[in-house]
Amino acid sequence: MEEMALLKDWVYARIPYGLNFGDAELRDSRTILRRAGRGDAFLCTTKATVLVQCAASMGWTARLVFLKRPTGDQR
């Protein structure tokens, strides 16, 4: 559990948060991390994408879950 918490801290420290809806569908961790290193900011779902992909690369079972809005729209 401690390793998971450390990974979460590592990911969230490297990716600035911002309301960047233009990249909401971006699902490539290498691209996200490269752009974050240049100062680009991303939505929390984009950060979660990196967290899940890093966890999976370490052999952990990890899934990205999206919730539906009450209106049925997905984001």
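The values are calculated or read from the model by the stated rules, or taken from the named source; none is laboratory data. A quick note: this is a predicted structure, and the numbers were derived from the prediction, not measured. Note: ideal-geometry Cβ built from the backbone for every residue, glycine included; neighbour counts use all protein chains shown. Surface areas here come from the heavy atoms of the whole protein model, side chains and all, with no ligands, DNA or RNA. Shrake-Rupley method; radii C 1.70, N 1.55, O 1.52, S 1.80 Å.
The table below gives the values:
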quantity: Residues of segment 27-51 satisfying the condition of being of a type in the set (Gly, Ala, Ser) and either assigned to a helix (DSSP H, G or I) or open to solvent by 40 Å² or more (accessible area, probe 1.4 Å) (or both); calculated: SER29, ALA36, GLY37, GLY39, ALA48
quantity: Tabulated pairs, segment 35-47, first in contact (Cβ under 8 Å) with a residue 24 or more places away in the chain, second among the aromatic types (Phe, Trp, Tyr), C-beta under 8 angstrom, 6+ apart or interchain; calculated: ALA41/TYR17; PHE42/TYR17; LEU43/TYR17; LEU43/PHE21; CYS44/TYR17; THR45/PHE66; LYS47/TYR12; LYS47/TYR17
